[in-house]
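Reviewing the structure listed below.
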Amino acid sequence: MVISFAIGFMIGLVLDVAWWQLNLDKSGIDKRFKAHEHYHIGLEIGIIGTILHQEILIGLMTAFVLAEWSQDHKFALNSGHFKQSTVIGIILFIVLIISSLCF
């Protein structure tokens, strides 16, 4: 349903803004998982959303993936953890595709 998707999308945007406003990017959480990017969280939520058939989670996934474009190191480009981040992203994307085909 479009409304569920839109609600999830808006929640995702609010969460992204809160992340940056609360400086959680400089917290211990972000430092321990440097290679784990916003879009990884989005893909993980998307996998769960496809399995559970929850459009609100697909909206949330979309917001997190699109929010990655607003960062300094989009998709970890020019960062020290680009290779690790890319491997995680590829694996999650493959799992997302498989889950969307199977469920």
Name the residue that is surrounded by the most Cβ atoms within 10 Å (Cβ to Cβ), counting only residues in the range 75-95 that are among the small types (Gly, Ala, Ser) and over 25 Å from Ile58 (Cα atoms).
Ser79
With the checklist (1) among the charged types (D, E, K, R); (2) surrounded by fewer than 13 Cβ atoms within 10 Å (Cβ to Cβ); (3) in contact (Cβ under 8 Å) with a residue 40 or more places away in the chain in hand, flag the one item Asp72 doesn't pass.
(3)
Kindly list, by first and then second residue, each pair from a residue in the range 33-45 that is on the phi > 0 side of the Ramachandran plot to a residue that is of a type in the set (S, T, N, Q), limited to pairs with Cβ atoms under 9 Å and residues at least 6 apart or on different chains.
none
Taking Leu101, is it of a type outside the set (Ser, Thr, Tyr), over 16 Å from the mean Cα position of the chain (by Cα) and modelled with pLDDT of 95 or more?
yes
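The values are calculated or read from the model by the stated rules, or taken from the named source; none is laboratory data. Just so it is clear, the model here is predicted, and its values are computed rather than measured. As a convention, Cβ positions derive from the backbone with ideal geometry for all residues, glycine included, and neighbour counts pool all protein chains shown.
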